[in-house]
Every structure is written in structure tokens, then in C-alpha cells.
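Quick notes on the structure that follows.
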Amino acid sequence: MQIKDLAERHSLISELFKFPKTADEWEAYKLSEAQLTHYEEYGYVSGIKLLDEGQILHLQKELDELMDPKHPAHSLFYEFHSNESKDQDSVLFHSLGHWRITEGFHDVLWNPAFVMAAYQLLGNRAVRFWHDQLFYKPAKHGGVVAWHQDYSYWTRTVAMQHLTCWTGLDDATEENGCLYYVPKSHNWGLLDAPELAGNMEGLLDYLTEDQRREFNPVPIPMKKGYATFHHPLMVHGSYENKSNRPRRAFVLNVFADGTVSNTNDELLKGVPPISKGQKMEGKFFPLLFG
């Protein structure tokens with residue numbers, strides 16, 4: 001069987017989404033001024049519908065297939081962790097690079113509801129893809145994602161003009177391990193990076209007394225198919241899944257066009273290096289919108 005690397009294709013390849021053709025068609029996807037203001041003040045904006053029921057079912061099916069280490073295109077993942085949890089009694093599936101493997105997870109990059117929101121939240125700048133992630137917390141023993149800031153793992157790219165979008169493929173609740181944010185923590189500056197699937201509270205060791213006083217996490221429960229966007233310095237994490245049902249989600253990470261490499265080493269496993277100071281672009285970092 002010949003393996004196709006879908007990173008060769010920089011536009012929609014399935015019928016899952018339709019790219020608008022006119023300015024009027026794009027208007028339906030625009031965030032409101034209130035949503036943009038909320039993002040600026042608090043560091044996040046939530047409850048944005050990205051998927052309908054048919055799209056959710058399609059992506060759930062693809063996720064189930066991708067979790068099999070024997071998938072014929074498995075070699076295209078940048079990272080694949082059947083269990084990244086440091087707690088031997090819990091499970092956290094986590095992967096990067098699945099946009100290269102299945103048509104649905106490829107095409108969510110060009111979902112008009114996603115790219116329009118990203119464009120606005122990046123200050124009406126062209127949106128370029130960084131990388132994707134899948135998270136799966138099984139029922140009853142799904143592991144934690146420790147408090148962290150995304151950019152603390154991404155300093156190999158500059159300037160800091162990044163954006164994260166988390167979308168649930170199941171209803172996310174406090175019981176099954178929904179995302180939590182620490183509002184306004186995007187104003188704290190860059191903190192040290194803890195182990196992502198390690199001690200939930202590890203980041204607190206790096207906080208000042210003032211930051212500890214302001215450390216007041218809020219849960220972000222959402223129906224499946226809805227997304228939350230957050231700033232690269234937003235402190236966030238999620239607790240274990242104690243429920244009787246799974247918690248599946250995918251993440252899309254992007255940056256404003258013009259971001260450059262900050263290292264001569266590889267930026268993602270298996271991706272040819274981009275020399276320090278050179279623009280992030282090419283096969284693996286496509287322009288999505290702008």
C-alpha cells in the first residue's frame with residue numbers, strides 16, 4: 001500500500017468543509033467585537049462552534065483509526081504517545097502530525113470557522129499552520145494535562161505571535177477532564193515549562209507570590225464541536241477523566257505569517273530544519289488564510 005503524505009496538499013481535499021467564495025459568505029464566520037475584547041482582556045475566548053454533527057462523527061472515526069500503532073501511515077506522526085501520563089494508573093493519549101494522515105484532520109486546518117477566527121485573533125494577520133495535536137482521555141482513568149503555557153514549549157519559533165485552538169469531539173465537563181484557564185495569566189510573561197503530563201501543580205513552583213494569589217482557574221465546559229481559542233502565554237491545563245465516557249479533543253496551533261525559526265535543529269521530528277532566522281513556511285507550515 002502506497003502511503004500518501006497529505007502535507008503535500010495545501011487546500012481542502014474532501015467534502016467535509018466548504019471554503020467561502022465571497023466576502024458576504026465569510027461574514028457568517030466572523031467573531032463579534034465582544035468576543036475579540038474578551039480574548040484581549042482574559043487571554044481566551046470560548047464557545048465558538050466549529051463542527052456540525054456529521055463532521056464530529058467523521059473525526060471521531062478517524063481518531064479511532066489513528067490511535068492504532070499499526071495504522072499504515074503511522075510513520076508520518078511527529079509524535080505518538082499511546083500513554084504520555086506519568087501516573088501509572090491513568091492514560092493520556094497524545095499525538096502530533098495526524099493532519100498528514102487522514103483527510104478529515106487535514107481539512108480541519110482549512111475549516112472556514114477556524115481560519116476566520118484565527119485571522120481575527122491574530123490581529124487580522126495571515127494565518128500559518130504550526131502543528132496539530134490529538135488528546136484522548138479514556139473513561140474513569142484518563143490522565144491530567146499539567147498547568148502550562150504553550151509558548152514555553154515553542155521558543156524555537158519567534159516572534160511570539162501564536163494562537164491555540166482546542167476543539168472537543170465529546171462534550172467536555174468538569175467530571176471528564178475539560179480544559180481550565182487561569183484568566184489574565186497571559187499577562188504574566190513567559191514561565192518555565194513543566195512536564196506536560198506530569199505533576200498537575202508543577203507550574204506553581206515557578207510562580208511569584210502575586211501570581212499565586214491570582215491563580216484562580218475557571219473550568220471551560222463545552223458541547224462537542226465547540227472550540228476555545230487561547231493566547232500562547234495563557235496558563236491552562238485539565239484534570240483527570242473520572243466519568244464513564246471518553247474525552248476526545250484535537251488542537252490546532254498556528255502563528256502569524258512572518259514567524260521565523262529560532263533554531264538550526266529540527267522543529268518537529270522528521271521535518272527538515274529551517275535555519276535560524278529563516279521564515280517558517282513550506283510543505284509542513286502552510287499558509288491557511290490571509
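Listing for the model above:
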{"item": "Rounded Å value of the spacing that divides the Cα centres of region 150-181 and region 78-133", "result": "9"}
{"item": "Trypsin sites (Lys or Arg not before Pro) restricted to region 1-37 and DSSP loop, no more than 12 other C-beta within 10 Å", "result": "18, 21"}
{"item": "Residues of the chain: accessible area per residue with a 1.4 Å probe, Å²", "result": "44"}
{"item": "Dipole magnitude of region 1-146, debye to nearest 20 (Cβ charges: Lys/Arg +1, Asp/Glu -1, about Cα centre)", "result": "200"}
{"item": "Label point 7 Å beyond Cα of residue 214 along Cβ direction - residues of region 45-81 with amide nitrogen under 20 Å", "result": "45-46"}
{"item": "Total charge dipole magnitude, the chain, about the Cα centre, Cβ charges on Lys, Arg, Asp, Glu only, Debye to nearest 20", "result": "400"}
{"item": "Positive-end residue, the chain charge dipole about Cα centroid, Cβ charges, pick of 285, 220, 121", "result": "285"}
{"item": "Under the Karplus curve 6.51 cos²θ - 1.76 cosθ + 1.60, θ = phi - 60°, whole-Hz ³J(HN,Hα) for region 3-16, x wherever Gly or Pro sits", "result": "8, 9, 8, 5, 5, 6, 10, 10, 6, 4, 10, 10, 9, 5"}
{"item": "Given charges at Cβ of Lys, Arg, Asp, Glu: region 34-289 dipole, positive-most of 57, 153, 143", "result": "57"}
{"item": "Proximal lysines to residue 283, defined as alpha-carbon separation beneath 30 angstrom and excluding residues fewer than eight positions away on the same chain", "result": "4, 18, 21, 30, 49, 61, 70, 269"}
{"item": "Potential extension, residue 244-residue 199 segment - 0.36 nm per residue separation minus Cα distance", "result": "13.9 nm"}
{"item": "Of all accessible heavy-atom area on region 34-289, the percent that carbon and sulfur account for (1.4 Å)", "result": "47"}
{"item": "Relative contact order of the chain, pairs being alpha-carbon contacts under 8 Å that are 6 or more residues apart, as %", "result": "27"}
{"item": "Phi-based couplings in Hz for region 245-252 (Karplus 6.51, -1.76, 1.60; Gly and Pro marked x)", "result": "9, x, 10, 10, 7, 10, 10, 10"}
{"item": "Listed residues 41, 25, 84, most fluctuating in the chain (Gaussian network, C-alpha, under 10 Å)", "result": "25"}
{"item": "Alpha carbon convex hull of the chain, volume per residue in cubic angstrom", "result": "129"}
{"item": "GluC sites (Glu not before Pro) within region 199-272: DSSP coil, no more than 16 neighbouring Cβ in 10 Å", "result": "201, 214, 266"}
{"item": "Between region 1-72 and region 223-266, the Cα center-to-center distance that results, in Å", "result": "13"}
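The values are calculated or read from the model by the stated rules, or taken from the named source; none is laboratory data. What you see is a predicted model; the values in this text were computed from it and never measured. All Cβ positions, glycine included, derive from the backbone under ideal geometry; neighbour counts span all protein chains shown. Areas reflect the complete protein model, heavy atoms only, side chains present, ligands, DNA and RNA absent. Shrake-Rupley method; radii C 1.70, N 1.55, O 1.52, S 1.80 Å.
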